[in-house]
Amino acid sequence: MSDEVSIQESRKRARDNDEDLELVILVIGFIIVVVGARYGQRYRVNEVTWNECERAQTRATWMNTLRNNRICRAQLRLDIRCFEKLCHTLQSKGDLMTTRNVTIKEIVALFLHVLAHDLKNRTMQALFARSGETISRQFHVVLRSMLKIGKYYIKPVDQGISYDGDNKWKWFEGVLGALDGTDIDMTVPVEDRARYRDRKGDISTNVLASCDPNLRFTYVLPGWEGSAFDPRVLRDALHRPNGLKVPRNRYFLVDLGFTNGEGFLAPYKGTRYHLNLWRGNTPTNYKELFNLRHSSARNTIERAFGLLKKRWAILRDPSFFDKKTQIRIINACFILHNFLREENMEETRLIHEVDQDLLDAEPNDDIDEDDDFISTARSTNEWNNFRDDLAKKMFEEYQVRRVQAI
C-alpha cells in the first residue's frame, strides 16, 4: 500500500508542476504580446507621423513652385496676381472657407489644375499628397463657390453700349454681340447616349452662348443634348425665367444655323460667307459685302470658344464626372474665362489693384417687363427688309469710299 500511495503522490506533484509551468508560459506570452503591441503601436505612430511630414513637404514644395509666374501660368492658366484675386473673390463672394487641414490657395490651385490638364483623382493624389476622398471633396467645394460668383462675371450686355469705335462692329448699329452654339464632349449613361449623339457621332452637349466684341461671354446655357439643333436651344433660352434677354430694338449676330428674325441677324444664304472664302476676293454687291462684314464680326464667338477650349483641357475630351457635375464644370470654365478676360483688360489699362467696385457691388436683379424683350425667334418680312436696308446702306458707303480712293 505504501508504494501505491507514494506513486500517486509523485504523479500529483508532477501534474502540479506541469500546471505551474503552463501558467508561467502563459504569463510570459502575455507579457511578450503586451510589450510587442506597445512598441509596435509606437512604431506605427512614428511611421504615420513621418509619412505625414513627407506629404506636407510635398504639398509645400508644389505650392512654392506657383510663386513663379511662368510656372503658375503653365499649371493653373493664370498668373500669380490673378490667382490671388480669384482666391480672394471666392472667399468673399463665393463663401469658400479654409479648414484646419487645407488652405484656400491649395484647394483653388487643385481645382484649377484639374480643369487645366484634365487629370484624374489618382494623379492628383500623387501631385498634392492628399487622399482621394480629400481631393474629390475639396474639388466640389471649390466648384460650388465658383458657381456662386458666376453672376458677377457672366452678365448681360449693357443696353446702352455702342461699338462705334470698333472697325468690325461699327457697321451694325444696335448690335449686342454674337451668338452661337458649340458641342462639348461628355460622358453620359448608356441609356442617354442616343440623345447626346451629335451630327459627328460624338457624345456631347450643345452649349448656347453669346459674347461681346471683347470675347467676354454674356450668356451661357449648357446641358442640352448634342442632337438638339441650335434654334431649339435658342427657343428654350428665350422662354426661361432667367434666360436670354434680347431687347426689341437690339440684336445678336448669328450664323446660317439660325433663322433671320427679330433680334437675331443672320447672313444671306447662297452667298459667300466664311472669311477663308474671301481671300483674294472683293465683294461685288450688297449681299456679299454684308456677309463679309457679318462674318468678320461674328467670328468673335468662334474665337471665344476656341480660347475657352484651348485654356481648359477638361472641355476637350469626355470627362470622368457624372453628367450633372460635368455641366457645372462647363459653367465654371465660362466663369473663369470671363474672370481672366476682365483681368487682362485691366492689365492692359495698367490697373493692378483689386477691383473693389466689382467685389462690393451686388448684381442687378431688376428684370424689365417681358414685353420689352423678344420671346420668339422667327423670320418676318419686316426683319428681312431691315437686313436689306442695312446691307444696301453699307454697300453705298463702300462704293463712295472706293471712288474717293481712286
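Taken together, 234, 256 contain a single residue that is of a type in the set (A, V, I, L, M), under 29 Å from the mean Cα position of the chain (by Cα), assigned by TED's automatic domain parsing to the domain that holds residue 303 and assigned to a loop (DSSP other than H, G, I, E, B), which is 256. Which residue, of 109, 74, 56, is modelled with pLDDT of 95 or more and not basic (Lys, Arg)? Only one candidate passes the filter, namely 109. From the list 240, 279, the lone residue that is farther than 25 Å from residue 196 by Cα and surrounded by fewer than 15 Cβ atoms within 10 Å (Cβ to Cβ) is 279. In the stretch 55-77, the residues that are on the phi < 0 side of the Ramachandran plot reach residues that are in a helix (DSSP H, G or I) and charged (D, E, K, R) with C-beta atoms within less than 7 angstrom, at least six apart or across chains, in these pairs: 59/106; 63/105; 63/106. Per the conditions (1) among the small types (Gly, Ala, Ser); (2) touching a helix residue (DSSP H, G or I) at 6+ places or on another chain (Cβ under 6 Å); (3) loosely packed, with under 15 Cβ neighbours inside 10 Å, the sole criterion not satisfied by residue 56 is (2). It is to be established whether one or more residues within the stretch 176-185 are farther than 30 Å from residue 105 by Cβ, touching a Pro at 6+ places or on another chain (Cβ under 6 Å) and assigned by TED's automatic domain parsing to the domain that holds residue 325. Within the stretch 176-185 (the criterion being farther than 30 Å from residue 105 by Cβ, touching a Pro at 6+ places or on another chain (Cβ under 6 Å) and assigned by TED's automatic domain parsing to the domain that holds residue 325), the answer is yes, since at least one residue qualifies.
Residues that are in contact with a strand residue (DSSP E or B) (Cβ under 9 Å, 6 or more places away or on another chain) and among the β-branched types (Val, Ile, Thr) were ranked within the stretch 253-273; the one that is surrounded by the fewest Cβ atoms within 10 Å (Cβ to Cβ) is 259.
Return yes when residue 347 is under 30 Å from residue 82 (Cα atoms) and at pLDDT below 95 and no when it is not. Yes. With respect to being on the phi > 0 side of the Ramachandran plot and of a type in the set (Gly, Ala, Ser), residue 181 falls outside the description.
Restricting attention to the stretch 243-252, the residues that are more than 15 Å from residue 217 (Cβ to Cβ) and either within 28 Å of the chain's Cα centre (by Cα) or crowded, with 17+ Cβ neighbours inside 10 Å (or both) total 3.
Could you tell me whether any residue of the stretch 190-204 is without any contact (Cβ under 8 Å) to a residue 40 or more places away in the chain and within 29 Å of residue 287 (Cα to Cα)? No, there is no match, as no residue in the stretch 190-204 is without any contact (Cβ under 8 Å) to a residue 40 or more places away in the chain and within 29 Å of residue 287 (Cα to Cα).
Tallying residues that are assigned to a loop (DSSP other than H, G, I, E, B) and buried (at least 22 other Cβ atoms within 10 Å of the Cβ) within the stretch 217-231 yields 1.
Mind listing just one residue for me: the one in the stretch 366-385 that is under 38 Å from the mean Cα position of the chain (by Cα) and at pLDDT 90 or above and, of those, nearest to residue 287 (Cα to Cα)? In this case the residue turns out to be 384.
Scan the stretch 207-222 for residues that are farther than 13 Å from residue 179 by Cα and in contact with a strand residue (DSSP E or B) (Cβ under 8 Å, 6 or more places away or on another chain) and jot them down.
So in the stretch 207-222, the residues farther than 13 Å from residue 179 by Cα come out as 214, 222.
222 - this is the single residue of the stretch 207-222 that is farther than 13 Å from residue 179 by Cα and in contact with a strand residue (DSSP E or B) (Cβ under 8 Å, 6 or more places away or on another chain).
Kindly establish whether residue 226 is out of contact with any Pro (no Cβ under 7 Å at 6 or more places or on another chain) and either over 20 Å from residue 335 (Cβ atoms) or among the hydroxyl-bearing types (Ser, Thr, Tyr) (or both). So residue 226 fits the description; yes.
Scanning the stretch 78-122 for residues being in contact (Cβ under 8 Å) with a residue 24 or more places away in the chain and closer than 12 Å to residue 343 by Cβ gives a total of 7.
Scanning the stretch 137-152 for residues that are more than 15 Å from residue 99 (Cβ to Cβ) and in contact with a helix residue (DSSP H, G or I) (Cβ under 7 Å, 6 or more places away or on another chain) returns 143, 146, 147, 149, 150, 152. Only one entry of 145, 136, 131 meets the criterion of being free of Cβ contacts under 8 Å to residues at least 60 places away in the same chain, farther than 30 Å from residue 247 by Cβ and buried (at least 21 other Cβ atoms within 10 Å of the Cβ), and that entry is 145. Which condition breaks for residue 134 when tested against (1) over 17 Å from residue 56 (Cα atoms); (2) outside the structural domain of residue 296 (by TED's automatic domain parsing)? Among (1) over 17 Å from residue 56 (Cα atoms); (2) outside the structural domain of residue 296 (by TED's automatic domain parsing), the lone unmet condition for residue 134 is (1).
The values are calculated or read from the model by the stated rules, or taken from the named source; none is laboratory data. As the structure is a prediction and not an experimental result, all values here were calculated from the model. So basically every Cβ, Gly included, is an ideal-geometry build from the backbone, and we count neighbours across all protein chains shown.
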